[in-house]
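The values are calculated or read from the model by the stated rules, or taken from the named source; none is laboratory data. Just so it is clear, the model here is predicted, and its values are computed rather than measured. Quick reminder, even Gly has a Cβ in these numbers, built from the backbone with ideal geometry, and neighbours come from all protein chains shown. Please note that ligands, DNA and RNA were not included when accessible areas were found on the heavy atoms of the full protein model with its side chains. Shrake-Rupley method; radii C 1.70, N 1.55, O 1.52, S 1.80 Å.
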Amino acid sequence: MRILLADDHPLFRDGLASLLAAWGHEVVGQARDGSEAVALVDALEPELVLMDVRMPVLGGVPATARIKAAHPGVHIVMLTVSEDEDDLFAAIKAGALGYLLKDLESAQLRSMLEGVQRGEAAITPATAARIINEFVRADRAAGAIEPERLTDREVDVLRLVTAGLRNKEIAARLGISENTAKFHLRNILEKLHASSRTELAARAVREGLLPADGGRTGG
């Protein structure tokens with residue numbers, strides 16, 4: 001991928017750039033703050049921006065909002081030391097595709113970036129749990145929307161989505177093709193009135209849609 005780095009620590013940027021290059025990515029530019037990031041996205045058209053949250057001049061969250069408004073196709077993943085929930089939810093609302101902490105292992109970062117290439121969110125299970133809890137609170141405050149009934153196979157898929165598995169892993173676990181897994185996932189999203197995998201997991205938790213006996217896992 002063509003990647004732009006936005007972080008106010010040059011030593012961190014240089015180290016990350018070397019790591020990304022070793023994995024076959026192209027680092028097209030480096031920004032010292034959010035304002036530079038916005039300008040460089042305009043000029044360089046990267047596929048992905050790895051964005052720090054707290055930077056001088058313009059922070060990562062408002063920079064993300066500006067970039068997504070002008071370039072909706074550019075993926076942005078926050079890479080930060082901030083574990084503040086306000087930063088997390090503000091970044092997701094601004095359009096970030098993921099939120100990662102800088103203390104994650106390099107192998108985990110590499111896996112997350114491979115997921116981004118497939119259009120998947122770059123979120124660790126711990127961060128996903130925090131987002132799910134927020135969706136649950138918001139849904140309870142707003143009032144639940146009555147979902148349509150799921151088929152047995154859709155319950156199987158929903159269970160694995162909630163467990164954090166990706167489409168390829170779900171297909172392998174259930175003995176179906178990846179396209180079939182995607183088809184079931186689209187149906188579940190429509191039936192549960194959810195717009196993302198994360199919100200889908202939140203509705204599963206809130207509505208109690210997963211049987212306690214573990215359900216079916218084969219076939």
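Assorted remarks:
- The range 8-66 and the range 107-127 have Cα centres spaced 17 Å apart.
- For the range 1-104, GluC sites (Glu not before Pro) are listed when DSSP marks them as loop and at most 16 other Cβ atoms sit within 10 Å of their Cβ; the list is GLU47, GLU83.
- Extension gain, GLU105 to LEU19, is 29.8 nm, computed as 0.36 nm per intervening residue step minus the present C-alpha separation.
- 1.4 Å probe accessible area per residue over the range 1-98, in Å²: 44 Å²
- Neighbourhood net charge (15 Å Cβ-Cβ; Lys/Arg +1, Asp/Glu -1) for ASN179: +4
- Derived scalar couplings between HN and Hα for the range 26-31 equal 10, 8, 8, x, 9, 10 Hz in order, rounded to whole Hz, by the Karplus curve 6.51 cos²θ - 1.76 cosθ + 1.60 (θ = phi - 60°), x for Gly and Pro.
- Summarising the amide proton neighbourhood of LEU101: residues at separation of 5 or more, or on other chains, whose placed amide H is nearer than 5 Å comprise THR80.
- Ligands, DNA and RNA left out, the accessible area of the range 61-107 computed with a 1.4 Å probe is 53% carbon and sulfur.
- As a rough guide to protection, the peptides 118-125, 52-59, 94-101 ranked by mean Cβ packing within 10 Å, highest first, stand as 94-101, 52-59, 118-125.
- The lysines whose alpha-carbon is closer than 16 Å to the alpha-carbon of LYS182, local same-chain residues fewer than 8 away aside, are LYS168, LYS191.
- Rounded, prolate or oblate (a/c below 1.5 giving rounded, otherwise prolate when a/b exceeds b/c) for the range 68-116 by Cα gyration tensor: oblate
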